[in-house]
Amino acid sequence: MSFFRKLKDKFTKSTDEVTGKFRDGLEKTRNSFSERVNDLVARYRKVDEEFFEELEEVLIGADVGFTTVMELIDALKMEVKRRNIQDTKEVHSVISEKLVEIYQGEDDASPRLNLEEGRLNVILMVGVNGVGKTTTIGKLANRLKNEGKSVLLAAGDTFRAGAIEQLEVWGERVGVDVIKQGAGSDPAAVMYDAVQAAKARKVDVLLCDTAGRLQNKVNLMKELEKVKRVIEREIPGAPHEVLLVLDATTGQNAMLQAKQFSQATSVTGIVLTKLDGTAKGGIVLAIRNELSIPVKLVGLGEKVDDLQQFDAEQYVYGLFADAVDEEHVE
């Protein structure tokens, strides 16, 4: 059974809300990516070197990343040779299969958040200003609350004008309290207060906002390290997740940010916002493959419930949905 057939059987007639969100959220990338792949398949009758060279350009154009594209093309060539594929139309299915394999990688990292029952789970949210970090915290708080968990927010971005107020608005919107101090106060002191409050209230999850002034990168990284030390001192083993929030519409700039933050803060997962707003959704694969950091959550819209746990098969279906739906099955 082809991988396309498996996707077709699993998702095409699915009424699952998550499947719909991935399909709708990846529409811009799908329209751009699939259109170029379909055009390529239509123009070439056989799978040859020229076909692969043009496919490289299509993948790079989707921000899959040069290194990842080269690995993918090599894997495709080997698979095409192994299966003795001659017709370019059959390559569609192989591409989708290899994209899932590349994302899953050898470490088989789970997209699930590292949350355990019976402990105070601390999630540190990091990222530069403007990527949607505070909004993501609000949506994640809502998601966790809907799962039956008690949540508390820590307003650690004390320097950006309006950041504390913005987090408070989200707290009120989703019904979660915010621990804060005044503007310009020490973020580590805020985290200390928040940890003590979370312990006293016996909450399940403490979500910590942090500053994101990239123009002062050295000081920012030192500040994040200090915040982590305070949290770990009060709760050994915490933070249990360090989630880096990236804006998918910035493409390779997001990749650069991921490298910078992962060097300083031991990032455990990526939250990719605004995936629905870009035609270059291949950045998901580039980040996963080149940095070995799993994408754990993706923003697929502006609604409060549009933050979804990442799923590699749902993602690939979102990229190829039109082609999967149109595939003729004997």
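The values are calculated or read from the model by the stated rules, or taken from the named source; none is laboratory data. Treat the numbers as computed from the prediction; the structure is a model and nothing was measured. Counting neighbours? That spans all protein chains shown, and the Cβs are built from the backbone with ideal geometry, glycine included.
Worth a mention:
- Of all residues in the range 41-50, those satisfying the criterion of being hydrophobic (A, V, I, L, M, F, W, C) and either crowded, with 18+ Cβ neighbours inside 10 Å or not in a helix (DSSP H, G or I) (or both) are Val41, Val47.
- Scanning the range 280-312 for residues that are part of a helix (DSSP H, G or I) and among the β-branched types (Val, Ile, Thr) yields Ile283, Val284, Ile287.
- When Ile73 is tested against the conditions (1) modelled with pLDDT of 90 or more; (2) out of contact with any Asp or Glu (no Cβ under 7 Å at 6 or more places or on another chain), the lone failure is (2).
- Remark: pairs (first residue in the range 196-220, basic (Lys, Arg); second residue at pLDDT below 95; Cβ separation under 8 Å; 6+ apart in sequence or on different chains) = Arg213/Val128; Arg213/Asn129; Arg213/Phe159; Arg213/Arg160; Arg213/Asn219; Arg213/Leu220; Lys217/Gln260.
- Selected residue (criterion: farthest from Val195 (Cα to Cα)) from residues of the range 146-177 that are surrounded by 15 or more Cβ atoms within 10 Å (Cβ to Cβ) and in contact (Cβ under 8 Å) with a residue 60 or more places away in the chain: Val174
- Inter-residue pairs, beta-carbon under 6 Å, first of a type in the set (D, E, K, R) and in the range 65-83, second crowded, with 16+ Cβ neighbours inside 10 Å, 6+ apart: Glu79/Val94
- Scanning the range 135-154 for residues that are in contact with a helix residue (DSSP H, G or I) (Cβ under 8 Å, 6 or more places away or on another chain) and of a type in the set (S, T, N, Q) yields Thr135, Asn142, Ser150.
- Test result for Lys280, of a type in the set (Lys, Arg), over 26 Å from Ser93 (Cα atoms), in the same structural domain as Val178 (by TED's automatic domain parsing) and touching a helix residue (DSSP H, G or I) at 6+ places or on another chain (Cβ under 9 Å): no
- Within the range 230-268, tally of residues that are part of a helix (DSSP H, G or I) and either at pLDDT below 95 or closer than 26 Å to Lys28 by Cβ (or both): 17
- Filtering the range 232-249 to residues that are free of Cβ contacts under 8 Å to residues at least 60 places away in the same chain and among the β-branched types (Val, Ile, Thr) leaves only Thr249.
- Condition broken by Val304, with the remaining ones in (1) surrounded by fewer than 24 Cβ atoms within 10 Å (Cβ to Cβ); (2) within 18 Å of Gly130 (Cβ to Cβ) satisfied: (2)
- Test: Gln196 is in a helix (DSSP H, G or I), more than 25 Å from Val298 (Cα to Cα), over 25 Å from the mean Cα position of the chain (by Cα) and at pLDDT 95 or above: yes
- Residue match in the range 120-133 (condition: among the basic types (Lys, Arg), assigned by TED's automatic domain parsing to the domain that holds Glu232, in a helix (DSSP H, G or I) and surrounded by 15 or more Cβ atoms within 10 Å (Cβ to Cβ)): yes
- Members of the range 84-115 found to be touching a residue at least 12 places away in the same chain (Cβ under 8 Å), farther than 30 Å from Glu49 by Cβ and either in contact with a Cys (Cβ under 8 Å, 6 or more places away or on another chain) or loosely packed, with under 15 Cβ neighbours inside 10 Å (or both), listed by number: Asp107, Ser110, Arg112, Asn114
- Taken over the range 204-229, residues that are charged (D, E, K, R), modelled with pLDDT under 95 and closer than 22 Å to Glu165 by Cβ amount to 2.
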